[in-house]
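The structure appears right after this line, and notes come after that.
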Number of protein chains: 2
Amino acid sequence: MTFAQSLSDAARLTEATLAHLLAEKTLMGEAPEAQAGRLIAAMRHAVLGGGKRVRPLLVIESAALFGVTAVQAAATAAALELVHCYSLAHDDLPAMDNDELRRGQPTVWKAYDEWTAILAGDGLLTLAFDLLARPETHPDADVRVALVGALARASGAAGMVGGQALDLMADKLGDPERPTIEHIRQLQAMKTGALLVFACEAGAILGRASDVERRALVDFGAALGFAFQIADDLLDAEGDVATVGKAVAKDAAANKATLVSLMGIAEAKAMLARTEAAANDALALFGAKADVLREAARFVVNRKS
Amino acid sequence: MTFAQSLSDAARLTEATLAHLLAEKTLMGEAPEAQAGRLIAAMRHAVLGGGKRVRPLLVIESAALFGVTAVQAAATAAALELVHCYSLAHDDLPAMDNDELRRGQPTVWKAYDEWTAILAGDGLLTLAFDLLARPETHPDADVRVALVGALARASGAAGMVGGQALDLMADKLGDPERPTIEHIRQLQAMKTGALLVFACEAGAILGRASDVERRALVDFGAALGFAFQIADDLLDAEGDVATVGKAVAKDAAANKATLVSLMGIAEAKAMLARTEAAANDALALFGAKADVLREAARFVVNRKS
């Protein structure tokens, strides 16, 4: 199976899981369905019909290292994607990044309005934990609660939300001094890295991996997250809006310090290559079983959108 | 011990738990503390130094029915209060209810700004699930994951978030027809009732109560929630801003359909008395052990702020 097939299979499974989860009947139970239709439609807009589903692929492939099937990992993969999509719905708000375009579509607040986008994001974040707590996620309660704790830590004030706060503080309030590469790296490790680390760690949790195996997947996830961010900055510096599917050259226009602006494009590309090598090194103990994860690193490094 | 003492003890224990939880060191771990200080300060502003802590009291007193101590229930009580406070931080936003005053203090967005208030709310919601997943909440993983699931369902699209969406749809987009008492009752059961039900149910979950006991506490919580809402509408119609600590007469000014506007003040007060009686009936099987919960219902019915 090629990597493109693996990604497409993971995306299809995740999409089906999410579509079922976000169907009105599933979501609302006995609550008055039609009336909250605007909220549900906005939640569906935020989640369905787009996205490469890289995080779900990482969950599924990390879990596969321990004999956990894709179907058994699907709920966890979907929960993670819900958190990712909620964060986009909130980050795109006028009060935050003020983005109108996402995956070539209007962002949630643009398609609906601000209050609907705020509530849709809140609903998706909450749904992620609802889903992780269900027996369909894993038969053992201790595994489910470990997933809840790990996802909450990755996405909270010491993780994604804290990283976004640091980023917006610099954007909105101005940096007291020019940030260092190390500061931006730490910020990005929180803002985008923590969820990618969780994606890989989740497979270890689902598979009851040893501490050494779990640590290896955390290291892989951290390297992948850093690579992801360098690649993202390079896309913003070099990509075009039609391919990327969202606004580009925003960083330069805002005179924003990024890894690329601080290092230059050539050095950023060299660091990207070194980071991919580090990601591969972390996977050594898994041998050929981890080839799809290696290809995922390659994909992140080479992505054009 | 008087009810005022029970409430004050529960509030103090909850406040201490929350203050520890929201200390920079506890919250951020190895993350760069000082830099995300604005986020943490906003989270603390949203949670600490105010609030009657009625929900934590309900958790603690419901758990006490089954021999669970206040200290053993404190983490669950704090997690619920985090969700309550996040919802206020988001609901007060200009795009939502546009409130500048809460508990006599500036709301989070007013004290900081909109993006900080959005992220602080996101961080608090996430922290609630992080906390519930920790062993300090309960030694047994199946209890912790049951709490996660119940809180997520109560606060998600079929609960609090869905209720707020229904409320804002009526406010912002206009009602296609004048809403019925039943519609408003359902909306409020989602918007405010679901968390109060969870508060009471959480005690049953922590105490591994029987299905009959758990059902009784759910019924009590539902009646309490309805009473809470009628009392809230009456306060808006009859209270003054200095006592209530937030804007009043907003509903009438907005020509908003409420239980009071549809029933009239006299009938609303009669229904409030009947609802308090129903709340007490639900507690019959617990005998005198549930007296503090009965007084909590009394408190909700008689509150002046």
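Looking across the range A:17-33, just one residue is more than 11 Å from chain B (Cβ to nearest Cβ), free of Cβ contacts under 8 Å to residues at least 12 places away in the same chain and either under 23 Å from A:Ser305 (Cβ atoms) or among the hydrophobic types (A, V, I, L, M, F, W, C) (or both), and that is A:Ala23. Restricted to the range A:54-138, the set of helices (runs of 4 or more DSSP H) holding at least 1 residues that are farther than 28 Å from A:Ala290 by Cα comprises A:70-91, A:108-111, A:114-132. Going by what's in this entry, would A:Pro135 be described as more than 23 Å from B:Leu21 (Cα to Cα), surrounded by fewer than 24 Cβ atoms within 10 Å (Cβ to Cβ), more than 7 Å from chain B (Cβ to nearest Cβ) and touching a residue at least 60 places away in the same chain (Cβ under 8 Å)? No.
Only one of the numbered conditions (1) at pLDDT 95 or above; (2) surrounded by 22 or more Cβ atoms within 10 Å (Cβ to Cβ) is not met by A:Arg12, and that is (2). Within the range B:168-177, one or more residues are of a type outside the set (A, V, I, L, M), part of a helix (DSSP H, G or I) and within 14 Å of another protein chain (Cβ to nearest Cβ). Could you list, in sequence order, all residues of the range A:69-85 that are within 10 Å of the chain's Cα centre (by Cα) and without any contact (Cβ under 8 Å) to a residue 60 or more places away in the chain? Scanning the range A:69-85 gives a single hit, A:Cys85.
Determine, yes or no, whether A:Leu93 is touching a Cys at 6+ places or on another chain (Cβ under 8 Å) and either surrounded by 18 or more Cβ atoms within 10 Å (Cβ to Cβ) or without any contact (Cβ under 8 Å) to a residue 60 or more places away in the chain (or both). Criteria not met by A:Leu93.
Report yes if some residue within the range B:254-265 is modelled with pLDDT of 90 or more, in a loop (DSSP other than H, G, I, E, B) and out of contact with any strand residue (DSSP E or B) (no Cβ under 9 Å at 6 or more places or on another chain); otherwise report no. Checking the range B:254-265: at least one residue is modelled with pLDDT of 90 or more, in a loop (DSSP other than H, G, I, E, B) and out of contact with any strand residue (DSSP E or B) (no Cβ under 9 Å at 6 or more places or on another chain).
All of (1) more than 13 Å from chain B (Cβ to nearest Cβ); (2) surrounded by 18 or more Cβ atoms within 10 Å (Cβ to Cβ); (3) farther than 16 Å from A:His84 by Cα hold for A:Val197 with one exception: (3).
With respect to the stated conditions, B:Arg144 fails to be within 8 Å of chain A (Cβ to nearest Cβ), outside any helix (DSSP H, G or I) and over 23 Å from A:Gly37 (Cα atoms). Of the listed requirements (1) more than 9 Å from chain A (Cβ to nearest Cβ); (2) in contact with a Gly (Cβ under 7 Å, 6 or more places away or on another chain); (3) of a type outside the set (A, V, I, L, M, F, W, C), B:Asp130 misses just one: (1).
Of all residues in the range A:35-81, which are of a type in the set (S, T, N, Q), closer than 14 Å to A:Glu136 by Cα and more than 14 Å from chain B (Cβ to nearest Cβ)?
The initial filter retains those residues of the range A:35-81 that are of a type in the set (S, T, N, Q), namely A:35, A:62, A:69, A:72, A:76.
Retained after the next criterion (residues that are closer than 14 Å to A:Glu136 by Cα): A:69, A:72, A:76.
Of everything in the range A:35-81, those that are of a type in the set (S, T, N, Q), closer than 14 Å to A:Glu136 by Cα and more than 14 Å from chain B (Cβ to nearest Cβ) turn out to be A:Thr69, A:Gln72.
In the range B:223-240, the residues that are within 16 Å of B:Ile265 (Cβ to Cβ) and without any contact (Cβ under 8 Å) to a residue 40 or more places away in the chain form Cβ pairs under 9 Å with partners that are assigned to a helix (DSSP H, G or I) and small (Gly, Ala, Ser), at six or more places apart or across chains, as follows: B:Asp233/B:Ser261; B:Asp233/B:Ala268; B:Leu234/B:Ala268; B:Asp236/B:Ala252; B:Ala237/B:Ala252; B:Ala237/B:Ser261; B:Ala237/B:Ala268. The single condition among (1) touching a Lys or Arg at 6+ places or on another chain (Cβ under 6 Å); (2) more than 24 Å from A:His20 (Cβ to Cβ) that A:Thr107 does not meet is (1). Taking the criterion of being more than 19 Å from A:Ala78 (Cα to Cα) and surrounded by fewer than 24 Cβ atoms within 10 Å (Cβ to Cβ), the residues of the range A:200-221 that qualify are A:Arg208, A:Ala209, A:Ser210, A:Asp211, A:Val212, A:Glu213, A:Arg214, A:Arg215, A:Ala216, A:Val218, A:Asp219.
Taking the conditions (1) facing chain B (nearest Cβ under 7 Å); (2) in a helix (DSSP H, G or I); (3) of a type outside the set (D, E, K, R) in turn, A:Ala158 satisfies each one other than (2). Just checking, how many residues over the range A:253-305 are of a type in the set (Ser, Thr, Tyr) and in contact (Cβ under 8 Å) with a residue 60 or more places away in the chain? The total comes to 2. The set of residues in the range B:58-86 that are of a type outside the set (Val, Ile, Thr) and over 29 Å from B:Tyr112 (Cβ atoms) comprises B:Leu58, B:Glu61, B:Ser62, B:Ala63, B:Ala64, B:Leu65, B:Phe66, B:Gly67, B:Ala70, B:Gln72, B:Ala73.
The values are calculated or read from the model by the stated rules, or taken from the named source; none is laboratory data. Quantities reported herein were computed from a predicted structural model and do not represent experimental measurements. For neighbour counting, all protein chains shown are included, and Cβ atoms are generated from backbone atoms with ideal geometry for every residue, glycine included.
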